[in-house]
Amino acid sequence: MTSGSVHINTDIKEKVSSFLVGDRKRRKIGDKLFHGLVIGTAAYTLLIIVIVVVSVGLGSAKIFSYEGFIGFVTGTNWNAVEGRESYGALPYIIGTLMSSGIALLIGVPMSIGIAFFLSEMAPSRLSSPLSFVIELLAAVPSIIYGLWALFVFRFLIKDWIETPLYNTLGPYIPFFNQAPFGLDVFTAGIVLAIMIIPIVSSISRDVMRAVPNTQREAAYSLGATRWETARIAVFPYGKSGLLGASILGFGRAVGETMLVTLIIGNAIGPAAIPTTLFSQSQTLSSLIANEFNEASSDLQLSALIGLGAVLLLLTMIINVVARLMVSKMVKVSPGDRE
Amino acid sequence: MSKIVMNSVVIVVMTSLLLTGVVTMSMSQRSFAQLLPKQMQTPGQSNINGAGATFPFPLIDTWRVEYQKVKPYVNINYQSIGSGGGVKQFTAKTVDFGASDAPLSAAERAKATGAVHIPETIGSVVAAYNIPGIPDKGLKLTGPILADIFAGKIKKWNDPRIQSLNPDKKLPAADIVTVHRSDGSGTTFVWTSYLSNASPQWNQTIGASKSVQWPSGVGAPGNEGVANAIKGSPNTIGYIELNYALQTKTPYAFIQNKAGKFIEPTLESVKQAAADVSAKGLPKGDASWQKVTLLNDKGSGAYPIASFSYLLLPKDLGKSPNMNEAKAKALVDFISWAITDGQKFASKLGYVPLPDPVVKLDQDTIKSLTFNGKPI
């Protein structure tokens, strides 16, 4: 963002000139030290990604040579019985994308609504405490949401949302036609949405706050209403940031493990492909969590690490697609100040 | 203000990233058990580390506390990370003893040469249910019917095959929802072994393992997860360990045994499943235990789904890197105590005490253990 660049520049100039008065030699050493430190921290991220890729690659080599990469990604069996071993990741890829997709469908509109209220409408004596509460919610460990969902929330979802949907739409639309149990993809999606809303909304709020007031003033001066201002001035300016916030939320939902394990129903093999909204399923990370401790054969262990490799690949693809979307968006609206 | 917050957030994030990195790197051996101090020994003190099955954890934990009263200078540390993890840790010699609900397979024995099996207690698995109108235990079921229920072939509770066994009960016309363990588990191994034993079709299509490909139903992690899923939803059936069912008072089925009787799972009826083990001809401690089974015992009062839980020790304790002679002595003394005096804590916790012939066999196995070739 280039907002307020003039102010920042004068600010920095003042600070630097007052700082420059200090001892030159000492400053040079400090500078070198800082240089090394920063390079070290940057190298750390590279190091970690290299370690992860190498260890995941080595660990999953066995399953990829046994099933073939395509065979593993498109296979639906997950059979760990000695002598009949066969592993495929497809049901869990679908389960992961479906539960996270539901979470995004519910979570992102709500988050943007929250962010819009906080940054554009709420008076500051309301918006600061509310922002604080949202940041507090973002700090709640996901397992808390998971246990709450398992012991309390799933019954509410089952009785108040799933059963009515099943009774009214079930007979006509196959997608709703399974007697709901409360532990399924739909519940997992809703609870994931609840989990990502705080983080997505708090980033979206920051993005909207970063939209310069000149944008809003321009819109208001043309006689736009509040909603129109949001649509023509705030959203277009902040859309890459809002998309980034959604992607971050999606990333969290895709990788979430224990919460999902508690409530998704943990079906296995072909039974884990969700054919209806109320099907039991399983995600890549929850299957790893479920079976890693007791993986008895080397091939099963390698298959579980293979799921990790698929998850890594999936998040990479999501990130690349998101970047492409952002760059396309920026191209579409050259009138923005970016 | 916001700058301070931002700064502290950055610091927290960086530190946690660094920590994760360190932990991930040191976790390459798969368990936290390694991160524990192994040589925290003050003179005269012995720290014994074990890891493995979750099933005997309450019992071993009670032993840990009670043994402190017998020998205050011996500290037992047991990590219940699961049978598979226990076998892995034991094979890698990072723990002094392992524990597993399933005997070592041929492949596992090949890797852990010179391992001995010491049965330390007997476990049993029950079919727990939640059927509206049948609040009490005592629904009668057979092995083949259970196999068909879990295979998704018997779909309704009022199926004629179930109803004809229970003429005195009014079964609902509702769909059966089966609940199974989602995590790999010794309990699943015992349960699927029983179903494979009872139904040839189950044996051919699904088989027995710590985790199998369930054709239908809901998966929940841990005994408590399965019990919770059953309790929270009507028309469900699942399998949990007997001691867990007794503690949570979940209703469970009486299952037909080999003699044709419907047997209630109790400590007594499970003990009967192991009553004639000497007649079964148990192998020596250092031989293969893969064929040993307590399933479908022919005793007329025996509950059909029972299994040993094992402690695993190396035959020559001197081969372990963290072992010295004093510690080996302490370990052997502890296990001798656990299989004799320690058994009196079993019943209270819902475990079945070992029958005398098994204790005798264990004592012979312990006597055969050595430290660098010398008897201990």
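The values are calculated or read from the model by the stated rules, or taken from the named source; none is laboratory data. Here the structure is a predicted model, which is why all the values come from computation and not from measurement. Methodologically, a virtual Cβ is constructed for each residue, glycine included, from the backbone with ideal geometry; neighbour enumeration extends over all protein chains shown. These accessible areas exclude ligands, DNA and RNA; they are computed on the full protein's heavy atoms, side chains included. Shrake-Rupley method; radii C 1.70, N 1.55, O 1.52, S 1.80 Å.
Taking 0.36 nm per residue of separation and subtracting the Cα-Cα distance, full extension of the segment from A:Y172 to A:H35 would add 42.8 nm.
Provide Rg over Rh for the range A:78-330; use the alpha carbon set for both Rg and the Kirkwood Rh (inverse mean inverse pair distance).
Details: Rg = 20.8 Å, Rh = 19.9 Å.
Checking Rg against Rh, the ratio lands at 1.04.
With viscosity set to 0.692 mPa s at 37 °C, what whole-number translational diffusion coefficient in µm²/s follows for chain B from Stokes-Einstein and a Kirkwood radius over Cα pairs? For these conditions, the coefficient is 147 µm²/s. Projecting the alpha carbon convex hull of the protein assembly as shown along each direction and taking the average yields 39.7 nm². Contact residues in the range A:254-289 by the 40 Å² criterion (accessible area, 1.4 Å probe, full protein complex versus chain alone): A:N266, A:I268. Just so you know, the Rg over Rh for the range A:88-137 is 1.26, from Cα atoms, with Rh as the Kirkwood radius.
In the frame of its principal axes, the range A:23-69 has Cα extents of 65, 12, 7 Å, reported largest first. Evaluated at 25 °C with a viscosity of 0.890 mPa s, what Stokes-Einstein diffusion coefficient in µm²/s does the range B:81-179 have when Rh comes from the Kirkwood expression over alpha-carbon pairs? Translational diffusion coefficient: 145 µm²/s. Rolling a 1.4 angstrom probe over chain A with all protein chains present gives an accessible area of which 70% lies on carbon and sulfur atoms.
Heavy-atom accessible surface of the protein assembly as shown, averaged per residue, reaches 46 Å², computed with a 1.4 Å probe. Can you work out the base-10 log of I(q)/I(0) for the range B:199-299 at q = 0.22 1/Å, using the Debye formula on its C-alpha atoms alone? Results for the range B:199-299 at q = 0.22 Å⁻¹ read -1.33. Peptide packing for B:269-277, A:109-117, A:259-267, B:322-330 was compared via the average number of neighbouring C-beta atoms within 10 Å per residue; ordered from the highest value, the list is A:259-267, B:269-277, A:109-117, B:322-330. For chain A, the longest principal axis of the alpha carbon atoms and the long axis of helix A:5-19 meet at an angle near 70°.
Taking the 1.4 Å solvent-accessible surface of the range B:283-369 as the whole, the part contributed by carbon and sulfur is 55%.
Chain B contacts chain A over a buried accessible area of about 3000 Å², both sides summed; the probe is 1.4 Å and only protein chains count. Per-residue Karplus couplings for the range A:92-107, computed as 6.51 cos²θ - 1.76 cosθ + 1.60 with θ equal to phi - 60°, are listed in order as 7, 5, 5, x, 4, 5, 5, 5, 5, x, 4, 4, 5, 4, 8, x Hz, Gly and Pro entered as x.
Computed from the alpha carbon positions, the gyration tensor of the range A:165-250 leads to an equivalent ellipsoid with semi-axes of 39, 18, 9 Å, biggest first. Here r is the Cβ-Cβ distance between A:L130 and A:L47 and R0 is 51 Å; the resulting FRET efficiency, rounded to 0.05, is 0.80.
Run the numbers for A:V321 and A:K28: contour at 0.36 nm per residue of separation, minus the present Cα-Cα distance, in nm.
101.2 nm is the gain from fully extending A:V321 to A:K28.
Taking trypsin sites (Lys or Arg not before Pro) in DSSP loop states with no more than 15 other Cβ atoms inside 10 Å as exposed sites, chain A has its longest site-free stretch at A:85-336. For the range B:286-376, the relative contact order is 30 percent, taking Cα pairs closer than 8 Å that sit 6 or more residues apart in sequence and dividing their mean separation by the residue count.
Taking every alpha-carbon pair in the range B:109-268 and binning the separations at 5 Å intervals from zero gives 2, 9, 18, 23, 21, 15, 7, 3, 2, 1, 0, 0 percent.
Spacing of the modelled spin labels on B:K315 and B:D341, each 7 Å from Cα toward Cβ, amounts to 3.0 nm.
Spin-label model, B:N324/A:L105: points 7 Å from Cα along the beta carbon direction are separated by 6.5 nm.
Here the sum of -39500 (n - 2.57) over DSSP H runs of 4 or more residues, divided by the residues of chain A, equals -22500 deg cm²/dmol at 222 nm, to the nearest 500.
Note on B:K291 and B:K93: their simple-model spin labels are 3.1 nm apart, each label 7 Å out from Cα toward Cβ.
Expressed to the nearest 5 percent, the antiparallel share of DSSP beta bridges inside the protein assembly as shown is 60 percent.
Given the pairs B:K291/B:K319; B:K153/B:K271; A:K158/B:K140; B:K93/B:K344; B:K153/B:K231; B:K111/B:K315, which are separated by over 21 angstrom at their Cα positions? Display every interim value, and only then the final one.
Details: B:K291/B:K319 27 Å; B:K153/B:K271 32 Å; A:K158/B:K140 30 Å; B:K93/B:K344 30 Å; B:K153/B:K231 23 Å; B:K111/B:K315 14 Å.
Beyond 21 Å between Cα atoms: B:K291/B:K319; B:K153/B:K271; A:K158/B:K140; B:K93/B:K344; B:K153/B:K231.
One quarter of the convex hull surface built on the alpha carbon atoms of the range A:216-338 amounts to 10.9 nm², the projected area averaged over directions.
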